[in-house]
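K.L.:
Attaching a single structure in structure tokens format; questions to follow.
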Amino acid sequence: MRIIETISEMQSAAEEIRLCRKTIGVVPTMGYLHEGHISLIKTVRENADIVIVTIFVNPTQFAPHEDFSLYPRDINRDTQLAESAEVDILFIPSSIEMYSSDFLTKVNIEHLSAKLEGKSRPGHFQGVTTIVAKLFNITKPHVAIFGQKDAQQVIVIKRMVQDLNFDIKIIVVPTMREPDGLAMSSRNTYLTPAERSESPVIFASLREAEYLIKNGLKNCLTIKENMSKLILDKKSASIDYISIADPITLDEYGTIEQGQPVLISLAVRFGKTRLIDNILINI
Ligand code: AMP
């Protein structure tokens, strides 16, 4: 596995790969790799000749009061995991490499970025789309893989690719979960044992919503009330938002009509740790 730390070396390597008529697949991550990331890497391997994984904890997608400095990092462990997952190139740039002191450009996907996560975390998606656009220009992929775990991120990035004409295929991989249903996330390491034991309620509430919808309940307020009840039964939990929305526009539904695709997503805090999850339902 080749480790690259500079933009110029990464761009030349990508150019050479393309000249050899090989396809490039990229998996952008913030590191502290887990099984969720590994499933993205396996998927990209099936869809491209050369696998690039990027690790960059992107400061511009964190608000000043958020967990940028605390975010778990272990580059030695990540390097070993990437090597065992047969990654070809690990791109690990520094913040200074990615954002020169005179950096001025921001990519903003209007409307979609302002909803859900964007409402709770203003500026977050502008940071995400700016860094992903840069990573696309640096790694020159044919294919890029993202996790359904971050449903809104997928929606926003797909729109960016469409609107800015990136010639890149976006593939979305299902959410990998712990055996008790908790979605794998680098942030799960923040949970205390008591919080960890309560956290599977997020997925349980999504399953409950799915059950209610599949059994004919149409009123979104009632579905959300049922989810809230389950979640708030846990001592350490507080709800940031629950959304039942159109999975393309993210417009909230009041009632669910037969045949409508539904994205149910939520953010819940356990103590200080904020976790997100979602499910897509097609009825
Ligand atoms: P992150 O390192 O958290 O920024 O995530 C990097 C990529 O991995 C994103 O596309 C995430 O959606 C994806 N990802 C994170 N957790 C999971 C998971 N549990 N299952 C599937 N994909 C995931």
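K.L.:
Which is in a loop (DSSP other than H, G, I, E, B) and of a type in the set (A, V, I, L, M), of LEU135, LEU104?
P.N.:
LEU104
K.L.:
Moving on to the next point. Among the residues of segment 74-93, is there at least one that is open to solvent by less than 60 Å² (accessible area, probe 1.4 Å), touching an Asp or Glu at 6+ places or on another chain (Cβ under 8 Å) and either modelled with pLDDT under 95 or more than 24 Å from VAL172 (Cα to Cα) (or both)?
P.N.:
yes
K.L.:
Ok, one more. Please specify each residue of segment 249-259 satisfying the condition of being at pLDDT 95 or above and under 24 Å from LYS158 (Cβ atoms).
P.N.:
THR249, LEU250, ASP251, GLU252, TYR253, ILE256
K.L.:
Six or more apart or on different chains, Cβ under 7 Å: which pairs go from a residue in segment 161-175 that's surrounded by 12 or more Cβ atoms within 10 Å (Cβ to Cβ) to one that's in a loop (DSSP other than H, G, I, E, B) and not aliphatic (A, V, I, L, M)? Could you list them?
P.N.:
ILE168/PRO141; ILE168/HIS142; LYS169/HIS142
K.L.:
Give ASP251, ASP277 a once-over and let me know the one that is surrounded by fewer than 20 Cβ atoms within 10 Å (Cβ to Cβ) and of a type in the set (D, E, K, R). Before the answer, list the steps.
P.N.:
Values: ASP277 fails: surrounded by fewer than 20 Cβ atoms within 10 Å (Cβ to Cβ).
Result: ASP251 is the single residue among ASP251, ASP277 that is surrounded by fewer than 20 Cβ atoms within 10 Å (Cβ to Cβ) and of a type in the set (D, E, K, R).
K.L.:
Pick from segment 11-49 the residues that are hydroxyl-bearing (Ser, Thr, Tyr), touching a helix residue (DSSP H, G or I) at 6+ places or on another chain (Cβ under 9 Å) and within 13 Å of the ligand (Cβ to nearest atom): which of them is least open to solvent (accessible area, probe 1.4 Å)?
P.N.:
THR29
K.L.:
Kindly indicate whether ILE52 is crowded, with 19+ Cβ neighbours inside 10 Å and either within 14 Å of the ligand (Cβ to nearest atom) or more than 19 Å from the chain's Cα centre (by Cα) (or both). Show your work before the answer.
P.N.:
Details: crowded, with 19+ Cβ neighbours inside 10 Å: yes; either within 14 Å of the ligand (Cβ to nearest atom) or more than 19 Å from the chain's Cα centre (by Cα) (or both): yes.
For ILE52, the condition - crowded, with 19+ Cβ neighbours inside 10 Å and either within 14 Å of the ligand (Cβ to nearest atom) or more than 19 Å from the chain's Cα centre (by Cα) (or both) - is met.
K.L.:
Now for a different question. May I ask you to say which residue of LYS140, LYS119, LYS106, LYS115 is modelled with pLDDT of 95 or more, of a type in the set (Lys, Arg) and under 15 Å from PRO28 (Cβ atoms)?
P.N.:
On inspection, the qualifying residue turns out to be LYS140.
The values are calculated or read from the model by the stated rules, or taken from the named source; none is laboratory data. Bear in mind the structure is a predicted one, so any value in this text is a computation, not a measurement. Virtual Cβ from ideal backbone geometry, glycine too; neighbours counted across all protein chains shown. Side chains are part of the model used for accessible areas, which takes the heavy atoms of the whole protein and leaves out ligands, DNA and RNA. Shrake-Rupley method; radii C 1.70, N 1.55, O 1.52, S 1.80 Å.
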